[in-house]
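Chemist: Pasting a structure here, questions to come.
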Amino acid sequence: MISGNFIDPVSESSTNLSKLIVCLTGMPGAGKSTIANGLKEKGFEIINMGDAVRAEAEKRNLEPTGQNLGKLMLELREKNGPGAVAELIKPSIENSNSNVIVIDGIRSNDEIKVLKKSANVKLLSILASTDTRFTFLHERGRSDDPKSREIFEERDNRELSVGVGKSIESADESISNNELTKDELIEVAYQVIQSWKE
C-alpha cells in the first residue's frame with residue numbers, strides 16, 4: 001500500500017493484485033452454495049469455508065452435525081482470532097494458479113482482512129427472506145442443515161454473532177434471491193464477477 005512516499009512492505013510484497021478473490025456472503029440458505037456450484041461448472045475455482053471447518057472437524061473425529069460445526073467454528077475464532085477460518089484456506093489460495101477464486105461462506109470482515117493479504121478481494125452478498133432460506137435448507141438436508149425452525153434461528157443467531165451482518169452490509173454488490181430461478185441467480189452472479197474482472 002502506498003501512502004505519500006511511504007511504502008508498506010508487507011502489503012506490497014504479499015498481496016497478489018492480479019488474483020481476484022470473490023467472497024460470497026449471506027445468511028444460511030440464501031443461495032451462496034448454489035452460486036458457487038454453478039460457477040464451478042463455468043470453470044471457476046471454488047473454496048468453501050464450511051468445508052474447511054468440516055475438514056478440521058474430521059481431524060478431531062467430530063461428527064459433522066450443525067451443533068458440532070458451530071461450536072468448532074466459535075472455538076477456532078476464540079483460540080486463533082476472528083479471522084481463523086480464513087487462515088485455514090489461505091494455503092489453498094496461495095497455491096492456486098487461478099486468477100479468480102470464489103470463496104463460499106464468508107462470515108465476517110475479519111476474514112476478509114485475512115484474505116486481502118493474499119489478493120484483490122471483492123465481496124458479493126446474497127440476500128433472501130427467512131422463509132426462502134429455511135425452505136431451501138430444509139429441502140437440501142445436508143448433515144449440518146437445521147431440521148426445525150428453532151435450530152434454524154439458533155444458527156442464524158450464531159452467524160450474526162460472528163459478524164455476518166456486517167459483511168453483508170459492506171458488500172461491493174448484492175443480489176436478491178427471492179424471485180430468481182437457480183439459473184438466473186447463477187447468471188447474475190457470473191455477470192457481476194465478469195464486471196469485476198474487467
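Read-outs: derived from the displayed coordinates by stated rules, not from any lab. Predicted, not measured: the structure shown is a model, and the values here were computed from it. Positions of Cβ are generated from backbone atoms using ideal geometry, with glycine treated the same way; all protein chains shown enter the neighbour counts.
Chemist: Relative to the present Cα-Cα distance, how much length would full extension add between residue 18 and residue 139 at 0.36 nm per residue of separation?
Modeler: 39.7 nm
Chemist: Same structure, new question: Straight-line reach only, C-alpha to C-alpha below 22 angstrom: list the lysines that residue 19 could link to, leaving out same-chain residues fewer than 8 apart.
Modeler: Within the straight-line cut-off, residue 19 pairs with 32, 40, 42, 90, 113, 116, 117, 122, 197.
Chemist: Further, regarding this structure: Translational diffusion coefficient, Stokes-Einstein: compute it for region 107-198 using the Kirkwood radius over C-alpha pairs as Rh, at 25 °C and 0.890 mPa s, and state it as an integer in µm² s⁻¹.
Modeler: Once the numbers are plugged in, D ends up at 165 µm²/s.
Chemist: Mean-square fluctuation check for the chain, GNM, Cα pairs under 10 Å: which of 145, 156, 131 is largest?
Modeler: Among 145, 156, 131, the largest mean-square fluctuation in the Gaussian network model of the chain belongs to 131.
Chemist: How big is the C-alpha Rg of the chain next to the rule-of-thumb value 2.2 N^0.38 Å, as a ratio?
Modeler: 1.02
Chemist: How much net charge surrounds residue 42 when only other residues with a Cβ under 12 Å from its Cβ are counted (Lys, Arg +1; Asp, Glu -1)?
Modeler: -3
Chemist: Who wins for biggest fluctuation among 33, 167, 92 in a Gaussian network model of the chain, springs between alpha carbons below 10 Å?
Modeler: 92
Chemist: Nearest-5 percent of antiparallel DSSP beta bridges in the chain?
Modeler: 10
Chemist: When N counts the residues of region 12-111, how does its alpha-carbon radius of gyration compare numerically with 2.2 N^0.38 Å, as a ratio?
Modeler: Its radius of gyration relative to the 2.2 N^0.38 Å reference: 1.10.
Chemist: Another question, if that's okay. With each pseudo-label sitting 7 Å past Cα toward Cβ, what's the residue 95-residue 55 distance in nm, one decimal?
Modeler: 0.8
Chemist: Work out how much length residue 176 to residue 113 would gain on full extension: take 0.36 nm times their residue separation and subtract the Cα-Cα distance, in nm to one decimal.
Modeler: Additional length available on full extension: 20.2 nm.
Chemist: With springs connecting C-alpha atoms under 10 Å apart, model the chain as a Gaussian network and identify which of 166, 32, 59 has the largest mean-square fluctuation.
Modeler: Sorting by GNM fluctuation, first place goes to 59.
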